[in-house]
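The values are calculated or read from the model by the stated rules, or taken from the named source; none is laboratory data. All values reported here derive from a predicted model rather than from experimental measurement. As a convention, Cβ positions derive from the backbone with ideal geometry for all residues, glycine included, and neighbour counts pool all protein chains shown.
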Amino acid sequence: RRRFLARNLNEMNRNSREKVFKIKLNQDHGCFICCTEEGVRIFNIEPLAEKCHLDISSYGSITHAEMLFRTNLLAIVGGGLRPRFSENVILILDDSTKQFVLQYTFQMPVLGVQLRKDKLVAILQKEIHVFSFPNDSKKLITMETRDNPKGICEVSQSVAVDKQFLVLPGHKIGSLQFVDLSTSETSMSKAPITVSAHQSEISCIALNQDASMVASASEKGTLIRVWDTLKKVLLAELRRGSDTANLYCINFSRDSEFLCCASDKGTVHVFAVRDLQLNKRSANDTD
């Protein structure tokens, strides 16, 4: 499987035009999606095989894409060198019919999109918009955010009322902001809750499968902190290293036993989350 994945990614990298903008797991970690200058590719993980290819001739270059579990619905945003669609529009594609079924247009470029089975979240540089989705889609929440040029935001997939939220960088530098999504009306949305997570700007956020834990890292890139999403207390500090690094992503394993991170150092670190004794080094720093 590793050889197959490496071969496919190497084929993409050999073509200088096919820059990879983003690689992301779907909500149940059964697939991952690649956004490139040549379109979108979707891979099944077990067994590892390409299951979908949206080529550039039909869709142009794509900078953001999001699966909805294993359904036929895909959210895509155009961008890159040869876009066919505007960077300020989210298009919902029904892959079974190859037809666009929904469209969301904004005044500014879309920097990220997140899907739940009942909601769509659009992330702009200074705003977040939440819509009911996919049936009777309408805007539920619009909120101003801290300047967020990376479009950092994660949304829980839980159906439990106390775990329906999204997490994004808070207005205070280094903080995490939790926004309640359990209500269907903007006026009923609860006031956001914030956690002081780091001393530097937030660079990565990840939620585990049941939304009981959230992991965060700052632009310093030396520590990853894991938080209890209900009690808002620190559960673990995981050290990536002592030198500053640009973290590309962090992710929990499906069973929440482990967490991995990838950085511009060309390395991937894997940490135990529940049994911290498995980790070789402890974290004690001001990140």
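Exactly one of these conditions fails for residue 194: (1) under 23 Å from residue 271 (Cβ atoms); (2) part of a strand (DSSP E or B); (3) in contact with a Lys or Arg (Cβ under 9 Å, 6 or more places away or on another chain); (4) not hydrophobic (A, V, I, L, M, F, W, C). Give me its number.
Looking at each condition in turn, residue 194 falls short on (1).
Of all residues being touching a Leu at 6+ places or on another chain (Cβ under 9 Å) and in contact (Cβ under 8 Å) with a residue 40 or more places away in the chain in the range 64-73, which is surrounded by the fewest Cβ atoms within 10 Å (Cβ to Cβ)? Just the residue, please.
Going through the range 64-73, the residues touching a Leu at 6+ places or on another chain (Cβ under 9 Å) turn out to be 64-69, 72-73.
Adding the requirement that they be in contact (Cβ under 8 Å) with a residue 40 or more places away in the chain leaves 64-69, 73.
Working: 64: 25, 65: 25, 66: 23, 67: 24, 68: 18, 69: 14, 73: 19.
Among those that are touching a Leu at 6+ places or on another chain (Cβ under 9 Å) and in contact (Cβ under 8 Å) with a residue 40 or more places away in the chain, it is 69.
Where residues in the range 108-123 are touching a residue at least 24 places away in the same chain (Cβ under 8 Å) and not in a strand (DSSP E or B), which of them is farthest from residue 172 (Cα to Cα)?
Here is the first cut: in the range 108-123, the ones touching a residue at least 24 places away in the same chain (Cβ under 8 Å) are 109-117, 119-123.
Narrowing further to those that are not in a strand (DSSP E or B): 109-111, 116-117.
Values: 109: 23, 110: 23, 111: 20, 116: 27, 117: 31 Å.
It comes out as 117.
Tally time: how many residues in the range 161-172 are exposed (fewer than 15 other Cβ atoms within 10 Å of the Cβ) and either closer than 23 Å to residue 69 by Cβ or of a type in the set (A, V, I, L, M) (or both)? Full working, then the answer.
Residues of the range 161-172 that are exposed (fewer than 15 other Cβ atoms within 10 Å of the Cβ), as a first pass: 161-162, 171-172.
Checking which are either closer than 23 Å to residue 69 by Cβ or of a type in the set (A, V, I, L, M) (or both) leaves us with 161-162.
Residues flagged as exposed (fewer than 15 other Cβ atoms within 10 Å of the Cβ) and either closer than 23 Å to residue 69 by Cβ or of a type in the set (A, V, I, L, M) (or both) within the range 161-172 amount to 2.
Determine if the range 35-47 includes at least one residue that is modelled with pLDDT under 95 and among the basic types (Lys, Arg).
no
Within the range 146-160, is even one residue buried (at least 20 other Cβ atoms within 10 Å of the Cβ), more than 21 Å from residue 26 (Cα to Cα) and touching a residue at least 12 places away in the same chain (Cβ under 8 Å)?
yes
State yes or no: is residue 52 modelled with pLDDT of 95 or more, in a strand (DSSP E or B), within 24 Å of residue 251 (Cβ to Cβ) and not assigned by TED's automatic domain parsing to the domain that holds residue 259?
On the way: modelled with pLDDT of 95 or more: no; in a strand (DSSP E or B): yes; within 24 Å of residue 251 (Cβ to Cβ): yes; not assigned by TED's automatic domain parsing to the domain that holds residue 259: yes.
It is false that residue 52 is modelled with pLDDT of 95 or more, in a strand (DSSP E or B), within 24 Å of residue 251 (Cβ to Cβ) and not assigned by TED's automatic domain parsing to the domain that holds residue 259.
Residue check: is residue 127 more than 18 Å from residue 165 (Cβ to Cβ) and of a type in the set (Asp, Glu)? Outline the logic, then answer.
On the way: more than 18 Å from residue 165 (Cβ to Cβ): no; of a type in the set (Asp, Glu): yes.
Answer is no for this residue.
Give the residue, chosen from 147, 210, 180, that is modelled with pLDDT of 95 or more, of a type outside the set (Lys, Arg) and not assigned by TED's automatic domain parsing to the domain that holds residue 69.
Values: 210 fails: modelled with pLDDT of 95 or more; 180 fails: modelled with pLDDT of 95 or more.
After ruling out the rest, the residue left standing is 147.
Determine the pairs where a residue that is at pLDDT 95 or above, located within the range 86-107, has a partner that is acidic (Asp, Glu) and surrounded by 15 or more Cβ atoms within 10 Å (Cβ to Cβ) with Cβ atoms under 7 Å apart, the partner being 6 or more residues away or on another chain.
Within 7 Å, the pairs are 101/94.
On the given criteria, is residue 232 out of contact with any helix residue (DSSP H, G or I) (no Cβ under 6 Å at 6 or more places or on another chain), at positive phi and of a type outside the set (Ser, Thr, Tyr)? Before the answer, list the steps.
Working: out of contact with any helix residue (DSSP H, G or I) (no Cβ under 6 Å at 6 or more places or on another chain): yes; at positive phi: yes; of a type outside the set (Ser, Thr, Tyr): yes.
Taking the combined requirement at face value, the residue satisfies it.
Answer yes if at least one residue in the range 202-223 is assigned to a helix (DSSP H, G or I) and touching a residue at least 40 places away in the same chain (Cβ under 8 Å), and no otherwise. Give the derivation first.
Here is the first cut: in the range 202-223, the ones assigned to a helix (DSSP H, G or I) are none.
The answer is no, given that none of the residues of the range 202-223 is assigned to a helix (DSSP H, G or I) and touching a residue at least 40 places away in the same chain (Cβ under 8 Å).
Just to be sure I understand, how many residues within the range 117-166 are touching a helix residue (DSSP H, G or I) at 6+ places or on another chain (Cβ under 6 Å) and on the phi > 0 side of the Ramachandran plot?
Number of matching residues: 0.
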